[in-house]
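Heads up, the thing below is written out as structure tokens.
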Amino acid sequence: MRNLFSTTLLALSLTACGYTPLYAPMAGGAASAHKVQVGTVEMGGSKLLPGERRPAQRIAQKLRLDFPDQAATLDLLDVNIHEQTATLAVEKTATTSRAEIIMQATLTLTNPEGKVLLRTQVSASSAYNVEESPYSTEASKNFSRLTAADNIAAEISRRIALYYAHPIAAPTPAELAPEQSKKHKP
């Protein structure tokens, strides 16, 4: 009885403060799935092997599941992905024993007229073991890439849902450029 009372009190207090769940059917979160069309999802760099494009394909696949509609009147989502590999652990023999995939994605959401609604960056990382066997190292690296790609896709979906739940003004090109250092007079 006490738990029921406290749960009811909590639910009433949350609705009284204006709380609405992000993924509520009529709120901005879930409704964003019908407002966005997935455009290009590509890896940065021109000389990529076919296996290195797989994270972009995985992200595009996950995003198309979250945003299934395709129409010219929808907002367009473009994603550009960059990947780095970093060493995490080195043995006494100066060989790498653990490495990390760091994936960064820049997402741009534009309306049908071409105005940028949202531009932001997301990143994810995933570690893998470097084994003596090249096959097991490559398999671990590929699994790590796909794990980072899954995390990027989930974060992009969350950012889009948050944008539609609480739209903000997109930054101007001047705000996107790095600040120039100010000259001080003596």
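The values are calculated or read from the model by the stated rules, or taken from the named source; none is laboratory data. Bear in mind the structure is a predicted one, so any value in this text is a computation, not a measurement. Backbone-built Cβ (ideal geometry, glycine too); neighbour counts: all protein chains shown. Ligands, DNA and RNA are excluded from the accessible area calculation, which covers all protein heavy atoms including side chains. Shrake-Rupley method; radii C 1.70, N 1.55, O 1.52, S 1.80 Å.
Net charge around residue 160, counting only other residues with Cβ within less than 15 Å of its Cβ (Lys, Arg = +1; Asp, Glu = -1)?
Taking every other residue near residue 160 into account, the sum is +1.
Tally Lys/Arg at +1 and Asp/Glu at -1 over every other residue whose Cβ is under 9 Å from the Cβ of residue 35; what's the total? The partial results should precede the final answer.
Numbers: positive: none; negative: 69, 75.
Once all neighbours under 9 Å are counted, the net charge is -2.
Largest first, how would 168, 160 line up by accessible area (1.4 Å probe)?
In descending accessible area the options line up as 168, 160.
Across segment 145-161, in residue order, what do the Karplus-derived ³J(HN,Hα) couplings come to in whole Hz, using 6.51 cos²θ - 1.76 cosθ + 1.60 with θ = phi - 60° and x for Gly and Pro?
4, 5, 5, 5, 5, 4, 5, 5, 4, 5, 5, 4, 4, 5, 5, 5, 4
Counting only residues 5 or more places away or on other chains, whose amide H sits under 5 Å from the amide H of residue 97 once H atoms are built in the peptide plane?
Counting only residues 5 or more places away or on other chains, the set is 89, 90, 91.
Could you work out how far apart the two model spin labels at residue 72 and residue 86 are, taking each label as a point 7 Å from the Cα in the direction of the beta carbon, and quote it in nm?
Simple spin-label model gives 4.5 nm for this pair.
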